[in-house]
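J.: Provided herewith is a single structure, encoded as structure tokens, for subsequent inquiry.
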Amino acid sequence: MATLELNRIGKVFGTTRVLSEIDLAVAHGEFVILVGPSGCGKSTLLRIIAGLETRHDGEVVIGKKNVTGLRAKERDIAMVFQSYALYPHMTVARNLGFSLRIKRLPKPAIAERVGRAAEILNLTPLLNRYPKELSGGQRQRVAMGRALVRDPAIFLFDEPLSNLDANLRVAMRQEISDLHARLGSTIVYVTHDQIEAMTMADKIVVMNAGRIEQVGRPLDLYDNPQSRFVARFIGAPAMNFLAGSMEGGAARIRLADGAGELSLAGRPARSGAVEIGVRPEHIRVGRDLPEAALQGIVRHVVTTGADSYLDLDLGSQRLTALTQERPDVGPGDRVAIAIPPSAPKLFDTETGARIEF
Amino acid sequence: MLDRISDLTPKALGGAKTLAAGLAISLAATTASAQDITLRFGHLWDDASPDGKVIAAALDAFAAEFPDVEVVEEVLSHDEYLAQFKVSAASGALVDVFAVNRTDIPSAARAGLLRDLDGAMETNAQWGEALTDTLVAEGVVDGETYAIPAFQIVTHVIFYNSAMLEAAGYESFPDTWEGLLSLIDALNEKDVTPIALGNKAAWVAADPLFSTLANRATGSDWYDRLLANEAKFTDPEFVASLALFEQLSDVGAFNADANSLDNDQQKALFLNEEAAMFIEGNWAIQPIIDGASPELLDNVGMAIWPSVPGGAGAPNAVSGGSGWLWAANADLDGEAAAAAEGLIAALTGEVAGRARLENGLMPSSSLQSTDGIEVPAMLAELSNQVGSGELTLVPIFVLPLPGGVFDVLGKGLQDLMTDSVTPEALAEKLQEEYERAL
Amino acid sequence: MQAFQPTRRSLWALLAPSVLVYGFIVVVPVVVGIWFSFHEMRNFQMEWAGVANYARMAGDGDLWFVLGNNVTITGLAIFFQVMPAFFIAVLMNRKDIWAEKFVRTAVFLPVVISPVVTSFVWILVFNLDSGLLNSTLAVLGLEAWQQRWLDDPEIVIYSLTAVLVWQYIGLFVVIFLAGLSAINPETLEAADVDGASFFQTAVLVVLPQMSRTVAVAMVLALSGGLKIFEHPLVMTGGGPGLASTVVAQFAYDVSFRRAQFGYGATIAITITVLSLVTVLACLWIINRLTVRSSGETDA
Ligand SMILES: Nc1ncnc2c1ncn2[C@@H]1O[C@H](COP(=O)(O)OP(=O)(O)OP(=O)(O)O)[C@@H](O)[C@H]1O
Ligand SMILES: [Mg+2]
């Protein structure tokens, strides 16, 4: 187990800049998840950490050792590739045991570790198959297993669960969390999956277009997004954004097209146009709410059982509300909408930066 | 097909008519007399070579005499020609007039591939009688003449650098075998290659060196009996000749890379004065004259193998003869046959003979006049010695023998030089190969 | 639109040209060769010889000796040419090291030069007194290592092999590079992550994924080894003696120098059969070894 430090990492492919000025510190035993839209450079960053991409700016420090320029095999990392990268000519068992064979572990020790990993990953019946005889999900588990049999300084996972069905995914998530708890391994993990990120990570890194937008604990990011990008990216269903404007020093904010006013728990110093972010679960909707300051019309109602989503028209703007109560309203109904003063997050319309108050 | 003919355009019909006319003409050409005769003429000397120049002169003379005959030359390199000849002979596709190797004459004549030329020699008596009798004999099979010698060659001349010999303590070329061996020792002591040898293609050792050497040891009588299958390669006199060759190699007569150089390179070693001698035929005279510095040219001497201990051969015998002869396809008749005979006569007649001398070569016939020809002194000397009987010509060893014997001997002599075979074992191999063809 | 449905007759009409070409190029020479092998030429006529040629071949020490030369050259070529070419290709494939076009060109260039030209160049290298090799050794003070590269019957075969390796190694590098481009590069990265060294990656990960390419290379090396002709012919004429004669030149000499067309054809036919059998056996073994795991796509 080891710490990981990235200092001002930059990467250019030909003429396209893919990463710029990435600084990141991962503590010993920390579980860090990288999220960001497709193409933002997550895999590239992972490959740089692994030593598969050796020509880049900045430095990579693992433990106390600056490993910049070292090849992957000299870095003691395990990696699960986004596209599995299984050895097609080896059985599942041999794929799993390859790194151990290279380390010249005795055969019984290899068999034992392979067997354990296979059990965790439900691969035992498949041990003698070749990769081309496996389904996508099975292959992905083999790729996981290849990392799990090892005891590396750092685990790197590149979307390891993306091809699994929902049940298996939940089970695997648990498996990885347990593994992390048991071994205390340092993990850098890439995913697209919100839930994965929120449930597993000690720390989430949100990336956008080759830069880090924000680093923080899952709930910090959720509650305190430092930019419109992070606010929009974290949380499902996504945060609502409304256009509005305000006067400096006032504790209230006017929505665009005169759809109404929101009150705030503080008094922002800024004035002029802003963007107002409100999480769906903070919006209360009813036929008649005493505290309601806004009026809207219901477009759709979707109920998944525990949760109900209400799609609302607020003047010309749209809004989604989430509630655990069964709504007694239907499409076309005129409803009252209440937003508590502590709920809205304000962002600069131009830069997307958070406006504190 | 028939009903389609009506579709043919007048133009196409015209084409068909011309085609038919052409067919008729070519039919006529092969059967009876006609204005135009084409002779296909195959040989192996390109325009740039001295022999090629002789052929060009002969063709001019022929054209003057037979203006209606068109000669189409088909020239190949030496090895290609030999192979091509055998293939076309075997498949009955020989051209009309061609060069034929001495080795192939008996089988080709007996297979009925060659035209009997005795008639031609009688008709054109002036030409026929000028030809050198000993050379003409090479083309005679069972009493009939099937090929006319293209030229005369002497395939064994030791060219030596008299200055180097003097430096090694020799005023003249040694006239005994022991003398030659000690000359070789003396030259080696002076760090001079005694005999430059370029034997990559395996014929230099087998002919210029060995043909005459074998005769020294065996004598001509043994050789005649060998041809008659009354003597064997395994006879002691022949084994002795192989041993002599091996001895030369063992005492260091040759450069160490003798089997990876070619005959141009052996000459170059001599011309660069890195070697005291080299052994080749009369054809090397002109290149020596062209390539040697004036000082070296003054010092070039010519010698032949001295007599060898216990040898039955005459000490003045040198290998030579014609080796290549001109022959005509037996299928020719009528005017085409006459034209072919005329071409052969031109190739070996007065004009060609003069051209040969002018190019440093020896003709296969005596010339009516040599006025105005400047014959190089060395060539004149050699010709005179052969003409006067001072040197007697003996056959080029391998030529009257089957091709397989040549091949085995060429490689076997290389093996002797690397001690990979004993003279006895090589003799047995030669005998085996010889008997295969009997 | 109606699809073109070939009738039996039109099918034959369409196939006829290729069948004819194949017939003339492959079948006719083989049939003629077999016919020749039961005959021998005597006075420029082919006479029936029964199996005499085959019997002669069995006892022909020279033939087996020159065939041994082919085997030596082929064996050495596989060892010093195919194997190094594989590693060179794997090395060149690691884009962070060489992969420069220049290197590829430099390695491949000799392949496209005519064997006759390279042979002449190497004659100069091997020349006893003034050759590059012996002169270099002299400059380095290694006179003891100087050799009669082309004249010593014990050495000449190795000198020839060196030239063949030099000339054709690039071909194998290119073949292996092509094979490499067909395998998933991430498997190489995975091996790197798994801690495998360059050689371990090459042998344990790359090689097994390229079994078909290896098969192609082996077949080329084997058939190339039996087809050698120009290099010895130009450099040594096959000598000294038979020390550097290969079976192709031997058959050529028998046919055209000795005019024993029947025996020459017998040798040629036998060698053809022999090489076919060797190549098929080689393919069979490689196939057996890699039936299920083959990484290259089958379809
Ligand atoms: N070898 C390469 N050459 C050029 N561009 C590349 C290369 N590899 C990646 N890129 C580009 O770099 C950017 C980042 O790619 P990367 O694979 O790191 O994205 P990602 O965040 O992992 O995306 P995804 O979530 O879709 O896997 C992309 O725009 C991609 O097109
Ligand atoms: Mg990715």
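The values are calculated or read from the model by the stated rules, or taken from the named source; none is laboratory data. For clarity, every value in this text was computed on a predicted model and none was experimentally measured. Virtual Cβ from ideal backbone geometry, glycine too; neighbours counted across all protein chains shown. Protein only, heavy atoms only, side chains kept; ligands, DNA and RNA dropped before computing areas. Shrake-Rupley method; radii C 1.70, N 1.55, O 1.52, S 1.80 Å.
J.: Within the group B:Tyr160, B:Tyr170, which residue is open to solvent by 10 Å² or more (accessible area, probe 1.4 Å) and part of a strand (DSSP E or B)?
T.: Residue meeting the stated conditions: B:Tyr160.
J.: Then there is this: Output the number of residues of the stretch A:1-20 satisfying the condition of being within 16 Å of ligand 2 (Cβ to nearest atom), aliphatic (A, V, I, L, M) and either open to solvent by 10 Å² or more (accessible area, probe 1.4 Å) or part of a loop (DSSP other than H, G, I, E, B) (or both).
T.: Final tally of qualifying residues: 1.
J.: Kindly check whether there is at least one residue in the stretch B:94-103 that is acidic (Asp, Glu) and free of Cβ contacts under 8 Å to residues at least 40 places away in the same chain.
T.: Start the filter on the stretch B:94-103 by keeping residues that are acidic (Asp, Glu), which leaves B:96.
If we keep only those that are free of Cβ contacts under 8 Å to residues at least 40 places away in the same chain too, we end up with none.
No, the stretch B:94-103 contains no residue that is acidic (Asp, Glu) and free of Cβ contacts under 8 Å to residues at least 40 places away in the same chain.
J.: Among the residues of the stretch C:138-190, what is the count of those that are over 30 Å from C:Arg94 (Cβ atoms) and either β-branched (Val, Ile, Thr) or open to solvent by less than 30 Å² (accessible area, probe 1.4 Å) (or both)? Break it down stepwise before answering.
T.: As a first pass, look at the stretch C:138-190 and keep what is over 30 Å from C:Arg94 (Cβ atoms): C:138-160.
Adding the requirement that they be either β-branched (Val, Ile, Thr) or open to solvent by less than 30 Å² (accessible area, probe 1.4 Å) (or both) leaves C:139, C:150-151, C:155-157, C:159-160.
Going through the stretch C:138-190 one residue at a time, the tally reaches 8.
J.: Can you pull out the helices (runs of 4 or more DSSP H) entirely within the stretch C:117-193 that have at least 2 residues that are under 20 Å from C:Asn70 (Cα atoms)?
T.: So the answer is C:156-181.
J.: Away from ligand 1 (no atom under 11 Å from the Cβ), open to solvent by 30 Å² or more (accessible area, probe 1.4 Å) and within 14 Å of chain C (Cβ to nearest Cβ): is that true of A:Arg75 in this structure?
T.: Answer is no for this residue.
J.: Can we say C:Gly195 is closer than 27 Å to C:Leu226 by Cα and within 14 Å of chain A (Cβ to nearest Cβ)?
T.: Numbers: closer than 27 Å to C:Leu226 by Cα: no; within 14 Å of chain A (Cβ to nearest Cβ): yes.
The answer is no for C:Gly195.
J.: Then there is this: Checking A:Leu161 against (1) within 16 Å of ligand 2 (Cβ to nearest atom); (2) in a helix (DSSP H, G or I); (3) farther than 24 Å from C:Thr201 by Cα, only one condition comes out false. Which one?
T.: (2)
J.: Is it the case that A:Arg139 is modelled with pLDDT under 85, more than 16 Å from ligand 1 (Cβ to nearest atom) and open to solvent by 40 Å² or more (accessible area, probe 1.4 Å)?
T.: Spelling it out, it is not the case that A:Arg139 is modelled with pLDDT under 85, more than 16 Å from ligand 1 (Cβ to nearest atom) and open to solvent by 40 Å² or more (accessible area, probe 1.4 Å).
J.: A follow-up question, please. Every residue in the stretch A:7-34 that is of a type in the set (A, V, I, L, M, F, W, C) and over 12 Å from A:Arg211 (Cβ atoms), please. Outline the logic, then answer.
T.: Taking the stretch A:7-34 as the starting set, the residues that turn out to be of a type in the set (A, V, I, L, M, F, W, C) are A:9, A:12-13, A:18-19, A:22, A:24-27, A:31-34.
Hits for the stretch A:7-34 are A:Val12, A:Phe13, A:Ala25, A:Val26, A:Ala27, A:Phe31, A:Val32, A:Ile33, A:Leu34.
J.: Might you let me know whether the stretch B:328-336 holds any residue that is in a strand (DSSP E or B), of a type in the set (S, T, N, Q) and open to solvent by less than 40 Å² (accessible area, probe 1.4 Å)? It would help to see each step written out before you state the result.
T.: Looking only at the stretch B:328-336, we keep the residues that are in a strand (DSSP E or B), and these are B:328-329.
Filter once more, so that each one left must be of a type in the set (S, T, N, Q): B:329.
Now restrict to residues that are open to solvent by less than 40 Å² (accessible area, probe 1.4 Å): B:329.
Checking the stretch B:328-336: at least one residue is in a strand (DSSP E or B), of a type in the set (S, T, N, Q) and open to solvent by less than 40 Å² (accessible area, probe 1.4 Å).
J.: Whether any residue in the stretch B:131-141 is open to solvent by less than 60 Å² (accessible area, probe 1.4 Å), away from every other protein chain (no Cβ under 14 Å), among the acidic types (Asp, Glu) and outside any helix (DSSP H, G or I) is what I want to check.
T.: no
J.: Also, quick follow-up: Could you check how many residues of the stretch B:89-108 are open to solvent by 10 Å² or more (accessible area, probe 1.4 Å) and within 18 Å of B:Val140 (Cβ to Cβ)?
T.: The number of residues fulfilling the criteria is 6.
J.: Determine which single condition A:His192 fails, assuming it passes every other condition in (1) within 16 Å of ligand 2 (Cβ to nearest atom); (2) in contact with a strand residue (DSSP E or B) (Cβ under 9 Å, 6 or more places away or on another chain); (3) open to solvent by less than 10 Å² (accessible area, probe 1.4 Å); (4) away from chain C (no Cβ under 14 Å).
T.: Here A:His192 meets the rest and fails (3).
J.: Here is a follow-up. Right, A:Pro131: within 16 Å of ligand 2 (Cβ to nearest atom) and either surrounded by 20 or more Cβ atoms within 10 Å (Cβ to Cβ) or at pLDDT 95 or above (or both) or not?
T.: no
J.: Follow-up question, since we're still on this one. Are any residues in the stretch A:21-67 away from ligand 2 (no atom under 16 Å from the Cβ), within 14 Å of chain C (Cβ to nearest Cβ) and within 15 Å of A:Ala2 (Cβ to Cβ), and if so, which ones?
T.: A:Gly51, A:Ile62, A:Val67
J.: In addition: Hand me the list of helices (runs of 4 or more DSSP H) wholly inside the stretch A:75-153 holding 2 or more residues that are more than 29 Å from the chain's Cα centre (by Cα).
T.: It comes to A:92-102, A:107-120.
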